[in-house]
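Since the structure comes first, as structure tokens, the remarks are kept for the end.
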Amino acid sequence: MSLFILGTGSHVPGWQTPGTIDSFQIINQVRTIAEEAERGLFDLIFKADNLYADPAAHPSYTARLQPLTLLSVIAGATKHIGLGATVSTT
């Protein structure tokens, strides 16, 4: 089972739910997601790179850390979960 980290979730207005994160720039929240995925026995965490930025989009989609930066944080917080990413070369 894999976890695909995408902005503030795949549910478009999900960021409005009380208690949810609203940014992937807060490293402790990313670490918490990874730790919960590992406790839930996920096999893989995946983060895609994206060069698309629409000024009208939610900030979680326009201001984000590069995937390898996030996976470095996750690697330090987990022991038994695989990590995967795409990285843009342009």
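With the requirement that a residue be of a type in the set (S, T, N, Q) and more than 13 Å from LEU3 (Cβ to Cβ), what does the stretch 23-43 give you? Passing the criteria: SER23, GLN25, ASN28, GLN29.
Can you name every residue in the stretch 75-86 that is surrounded by fewer than 11 Cβ atoms within 10 Å (Cβ to Cβ) and either touching a residue at least 60 places away in the same chain (Cβ under 8 Å) or within 14 Å of the chain's Cα centre (by Cα) (or both)? THR86 - this is the single residue of the stretch 75-86 that is surrounded by fewer than 11 Cβ atoms within 10 Å (Cβ to Cβ) and either touching a residue at least 60 places away in the same chain (Cβ under 8 Å) or within 14 Å of the chain's Cα centre (by Cα) (or both). Every listed requirement among (1) under 20 Å from LEU68 (Cα atoms); (2) at pLDDT below 85; (3) over 14 Å from the mean Cα position of the chain (by Cα) is met by GLY19 save one, (1). Close contacts from the stretch 22-50, counting a first residue that is farther than 23 Å from SER88 by Cα and modelled with pLDDT under 80 and a second that is among the hydrophobic types (A, V, I, L, M, F, W, C) and part of a helix (DSSP H, G or I), with Cβ to Cβ under 6 Å and a gap of 6+ residues or different chains, come to ASP22/TRP15. Residue-level check: of (1) at pLDDT 75 or above; (2) surrounded by fewer than 16 Cβ atoms within 10 Å (Cβ to Cβ); (3) assigned to a loop (DSSP other than H, G, I, E, B), ALA57 misses just (1).
The values are calculated or read from the model by the stated rules, or taken from the named source; none is laboratory data. Predicted model only: the values in this text are computed from it and were never measured. Positions of Cβ are generated from backbone atoms using ideal geometry, with glycine treated the same way; all protein chains shown enter the neighbour counts.
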